[in-house]
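Computed from the coordinates by the stated procedures, all read-outs in this text should not be read as laboratory data. The model shown is predicted, which means the values in this text are computed figures rather than measured ones. Cβ coordinates were reconstructed from backbone atoms using ideal geometry, including for glycine residues, and neighbour counts include every protein chain displayed.
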Amino acid sequence: MKIVISGFYGLGNTGDEAILDAMIDNLRSSLDDPYLTVFSLSPDETATKHSVTSIYRGWRHDFKKKVRALREADLLLSGGGGLLQDTYPTRIIFGPLPYYLLIVLLAKLCGTKVMFFSQGVGPVTSKYGKLLMKTFGNLADFITVRDDYSKNYLHKLGVTRPETVVTSDIVFAYQGHNDRSCIESLPIEENQSIVGISVRPWFGETSYQKEMAVLLDRLIKERGITPVFIPMEGEHDAAVSRAIQEQMEHGEQTYILGTDFTPNQYLQFMKECRAVIGMRLHSLIFATLASVPYAGISYDKKVESLTKRTGMWEYSTTLDDFTAEDLYPNVLQLLDDRERLVAELEVERQSLRDAALENLALMKKHFV
């Protein structure tokens with residue numbers, strides 16, 4: 001079976017690279033020797049890492065190669081991840097939403113079946129974005145989404161023709177393996193209590209950085225915690241992490257992991273943490289995979305959806321409401337009730353893994 005995969009790949013985002021890892025590994029486990037082609041911004045790197053064919057994803061290069069790949073393919077998998085949104089500037093064919101939907105249109109023009117695979121949807125707020133979704137979203141032959149919010153959002157946007165099934169993020173089916181590279185890169189004693197921290201830039205918003213600095217200082221002074229920043233999107237997140245360190249009284253007692261670790265290495269590091277405080281969705285997915293209690297800081301509904309699904313919402317907050325004073329007792333509760341929460345998360349982790357594997361079962365049912 002020939003499959004083309006379209007997503008946010010080859011740009012160094014740990015969450016999206018974990019999605020691709022999980023998709024490829026599980027496709028190979030589920031199908032008999034599939035021929036996989038990935039549209040990537042770094043096609044040589046993607047091809048070498050995954051032993052796949054990879055084509056430059058942008059419109060300006062290799063357009064004929066993309067058309068040929070789609071003509072020869074049995075199926076286009078659009079996803080996973082939060083591809084269908086217009087948070088970032090959207091103009092005619094520029095921006096995430098028109099790009100991914102036009103790939104869908106191109107596939108249909110080539111006579112290829114299309115599945116939205118483990119997608120997160122929204123926000124789509126512009127009139128143009130809503131028109132694109134209603135027009136091209138209904139071209140899909142089948143849809144799986146990672147949460148109820150995404151399914152309801154699709155229906156509000158008028159995407160109702162293909163069947164839509166709620167599963168979970170495909171990363172919950174990640175096939176990780178033991179690797180201590182991250183923890184061994186840090187001068188940390190074996191008995192230190194580590195709390196993983198995932199922060200990100202968000203459209204010039206910086207007030208949360210001071211609140212995070214105050215929160216981490218208090219955890220260091222009152223609980224002897226060692227905060228370690230996990231830059232899930234390379235230098236973008238590392239820069240925010242350094243900005244927080246600089247605002248801290250005890251910033252020298254924190255660490256920032258290197259930006260060149262693999263998704264699996266970051267995931268394995270999560271297992272060394274007592275708790276996680278995270279903005280990035282996939283930092284919290286990794287925490288769930290590691291059965292590590294976490295407090296999410298939700299800048300987007302997808303983060304809130306996950307925290308509610310895993311029972312972690314009561315320890316979490318929104319970015320707008322985040323203060324050190326309010327989140328501090330939540331983090332203490334994560335640490336103090338860790339044994340109980342680990343057991344609860346282990347149950348949720350298995351349930352979400354089963355739901356993630358349902359993406360593959362449904363794909364086989366409808367297209368194989």
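A compact table of results
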{"read-out": "Modelled FRET efficiency - R0 22 Å, W202 with E325, Cβ distances, 0.05 increments", "value": "0.60"}
{"read-out": "Full-stretch length increase - S51, S185 - with 0.36 nm per residue and alpha-carbon distance subtracted", "value": "45.4 nm"}
{"read-out": "0 to 90° range, to nearest 10: angle between helix 63-72 axis and the chain longest Cα axis", "value": "70"}
{"read-out": "Within straight-line cross-link reach of K221, aspartates and glutamates at Cα separation under 13 Å, skipping those fewer than 8 residues along the same chain", "value": "E249, E252"}
{"read-out": "Net lengthening on full extension, L105/D148 (0.36 nm per residue, minus Cα-Cα)", "value": "12.9 nm"}
{"read-out": "Residues in segment 217-234 that a label on V342 would reach, taking backbone N under 20 Å of a point 7 Å out along Cα→Cβ", "value": "223-228"}
{"read-out": "Alpha-carbon radius of gyration plus Dmax, which is the widest Cα pair, for the chain in Å", "value": "20.4, 62"}
{"read-out": "Positive-end residue, the chain charge dipole about Cα centroid, Cβ charges, pick of A47, T112, M248", "value": "T112"}
{"read-out": "Full-extension gain in nm, L131 to W59, via 0.36 nm per residue minus C-alpha separation", "value": "23.8 nm"}
{"read-out": "Pairs from K113/K308; K302/K364; K127/K156; K134/K308; K130/K308 whose Cα-Cα separation, in the structure shown, is over 22 Å", "value": "K113/K308; K302/K364; K134/K308; K130/K308"}
{"read-out": "Dipole moment magnitude, nearest 20 debye, the chain about Cα centre, only Lys, Arg, Asp, Glu C-beta charged", "value": "2040"}
{"read-out": "Segment 2-166 - charge dipole about Cα centre, Lys and Arg +1 at Cβ, Asp and Glu -1, debye rounded to 20", "value": "840"}
{"read-out": "For segment 181-351: rounded, prolate or oblate by the Cα gyration tensor [a/c cutoff 1.5]", "value": "rounded"}
{"read-out": "Cα centroid of segment 22-95 to Cα centroid of segment 246-309, whole Å", "value": "27"}
